[in-house]
């Protein structure tokens, strides 16, 4: 069952039912513009990651500002984008299982779809699915540039898999997927630069070896909100897969810039609006948003513009606040904006975005691929 | 948008699309029976917590085995149970906000509904909503018996609030809500017994003071899967609010019994079925279930009946396995059952339960109140 929307256009923010997933539209649009402006001089393209927002509406706002399309992690997300009119979608991930591969191939009738592989058996499975569907599927080879998760080793192993793909009449070799996930949240720019420097060199070397083998490499894709300044100016990476920049979470806001200050390129645009539901003892207030309403995998949320309030523990349906000053203690019923520790899994807990501008509800957007784990 | 079901009745378990939320129906029914048998001689009633399963189907299976009804944490959950035919529902939590209180009062036309309060202003708000709806709402006073979250102090403060409720012509004083959440996962029975001993004494004293004030206390509710043996035999608590017992998660399985062995009253009945999606290096396999598919707030999942495999890290869409022996290393495409660290928030990530018996899909049940945060 879908949840009922917690608000209606025209309402004031303080009348939104809680917990609710709120987008500050001014901050959100400023983030879209900032990314477009930063990438314009680099020549690198934005293939914005839709795993963050799971919404074809937001995907199309990204494309309207210059993104060449989107990437996703799951076939369900690709379906929801394609059904919503997004025409260029990369599954930046391995897809395993005949049923899912058949769904992906079916989708390529209405959108330009591509997928990653890091295993010869999987290339054969994609080939069989494409042959069965009567289409040609574009496949990128995922290389491990330091995250030690998925991906074949850069160099000869990647070239061998790319050759296997290129030689199939049901497949097209699309390029390299070279995302360095664990570099994104290294706190200093020096750490991030060093790790991405290694990823760039591994990718450059692999592209060169592909060329020697006679294989063109149209795409080198990767980068996230934490590191895209390095990949986008590398001369090797062609597509930036940043996602979180649209919303900015508390964890990304802990990354530091060259001056040692928190990175301020993007603004917090995503909030979980929450109400105080209990306040029976001094120094503590209890919110109606626990970890079923705000993800805690990358740290607890912070309270927006209230340095006197600290979210100190989350249970399923309750969040406990430390209240520094009793004179400004929040009352039962008072609503507070939380900045999620991690935006992607927080978004995935809700059916609706409530778009707010200057305190007024402007729009409701479905989190269309919410729960799309497959 | 609802997700498509990942299976169909009659399928074999290995053909279920992943990640999927799987109930082992034999283990699940055994858990229902075990709880009924344990409570029968105590005189305490089961008011099973539906925050765990969010399903009127499972609620009615609990009621068929003797539960007097259910409790929930959120109005949305109460609605979904009532609309699904559950007739006795306690919101074992504070409900704040006029819109939510109006929904709760509306519900009392089709079910026996009650709610908790720990604040005089909130009692007035419930009273106003009940008057407006033309119904009488039953209100329990939540007392803090050690969890230091919601609840007024036991004793005179609780009696004062109960008196305020009892004196309203729109409200009925229903009893005490006395749940000790932080006692549930203390590992030794001695620790759990001591904490619940304190909760029992605080409740007993408050019931006695209510009686002196001329107030009958029909319900003393509380207890969870970790402690119900103590509350149910206390002679004070009347309603047990255990929820997790139906599924048993990895965290509850770390509680110890009197002999120092893991508590074995209930069996693991809930799993996230996951596929190996990448295995490019020795000693590591990557699953398609990360923390968007299995909750990690109470620890990482374990791999069912595979002591040689250890789930060591979760990112949004990936789970990394340490593989102890290369000879039995799982292959790409192989499916494994994960035992969630915490069942409640894991259930909340899925739209469908897949009920499996002896390897065959027997039923699909919607997680009807999935996402019901309000």
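Nothing in this text is a laboratory measurement; each read-out follows from the coordinates by a stated rule. Predicted model only: the values in this text are computed from it and were never measured. Neighbour counts run over all protein chains shown; Cβ positions are idealised from the backbone, glycine included.
Some values worked out for this structure:
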{"item": "Highest-MSF residue in chain A out of A:280, A:18, A:42 [GNM, Cα springs under 10 Å]", "result": "A:280"}
{"item": "Residue exposure sequence - B:141, B:95, B:113 - by fewest surrounding Cβ within 10 Å", "result": "B:95, B:113, B:141"}
{"item": "For residue A:134, label point 7 Å along C-beta direction: distances to other copies, nm", "result": "6.3"}
{"item": "Compactness of the range A:118-172 - radius of gyration and Dmax, Cα, Å", "result": "11.6, 36"}
{"item": "Packing-based exposure ordering (other Cβ within 10 Å, fewest first) of A:127, B:79, B:157, B:14", "result": "B:14, B:157, A:127, B:79"}
{"item": "Surface/4 estimate of mean projected area, convex hull on alpha-carbon atoms of the range A:1-96, nm²", "result": "8.2"}
{"item": "Antiparallel %, DSSP beta bridges [both residues in chain A], to 5", "result": "45"}
{"item": "Extension gain (nm, one decimal) between residue B:160 and residue B:360, 0.36 nm per residue minus Cα-Cα", "result": "66.4 nm"}
{"item": "7 Å along Cα→Cβ, label-point gaps from residue B:2 to other copies, nm, shortest first", "result": "1.2"}
{"item": "Mean projected area in nm² (Cα convex hull; one quarter of hull surface) for the range B:128-248", "result": "8.1"}
{"item": "Span from the the range A:300-318 Cα centroid across to the the range A:355-374 one, whole angstrom", "result": "22"}
{"item": "Inter-copy spacing of residue A:121 label points, which lie 7 Å from Cα along Cα→Cβ, given in nm from shortest upward", "result": "6.1"}
{"item": "Distant alpha-carbon pairs in the protein assembly as shown (separation over 52 angstrom), percent", "result": "14"}
{"item": "Helix-only [θ]222 nm of the protein assembly as shown, DSSP H runs n ≥ 4, -39500 (n - 2.57) each, per residue, nearest 500", "result": "-8500 deg cm²/dmol"}
{"item": "Selected from B:240, B:35, B:11 as most flexible by GNM, with chain B as the system and alpha-carbon contacts under 10 Å", "result": "B:11"}
{"item": "Between the range A:98-117 and the range A:280-298, the alpha-carbon center distance in angstrom", "result": "40"}
{"item": "Alpha-carbon radius of gyration plus Dmax, which is the widest Cα pair, for the range B:43-246 in Å", "result": "15.9, 49"}
{"item": "Residue of chain A nearest the A-to-B rotation axis [by Cβ], rounded angstrom distance", "result": "A:2, 3"}
{"item": "Modelled FRET efficiency - R0 51 Å, residue B:99 with residue B:322, Cβ distances, 0.05 increments", "result": "0.60"}
{"item": "Using a Förster distance of 41 Å, the FRET efficiency for residue A:2-residue A:208 (Cβ separation, nearest 0.05)", "result": "0.20"}
{"item": "Calculated FRET efficiency for the pair residue B:12/residue A:106, C-beta based, R₀ 25 Å, to 0.05", "result": "0.60"}
{"item": "Relative exposure of B:270, B:176, judged by other C-beta atoms within 10 Å (fewest first)", "result": "B:270, B:176"}
{"item": "Radius of gyration, Dmax [chain B; alpha carbons; angstrom]", "result": "21.8, 72"}
{"item": "Cα centroid separation, the range B:218-252 to the range A:1-59 (Å)", "result": "42"}
{"item": "Projected-area mean, the range A:271-374, by convex hull of Cα positions, square nanometres", "result": "7.1"}
{"item": "Segment residue A:310-residue A:187, extension gain: residue separation times 0.36 nm, minus the distance between their alpha carbons", "result": "42.1 nm"}
{"item": "Length-normalised contact order of chain B in % [C-alpha pairs under 8 Å, at least 6 apart]", "result": "21"}
{"item": "Beta bridges per DSSP with both ends in the protein assembly as shown, % antiparallel, nearest 5", "result": "45"}
{"item": "GNM result for chain A, Cα springs below 10 Å: residue of A:261, A:59, A:82 fluctuating most strongly", "result": "A:261"}
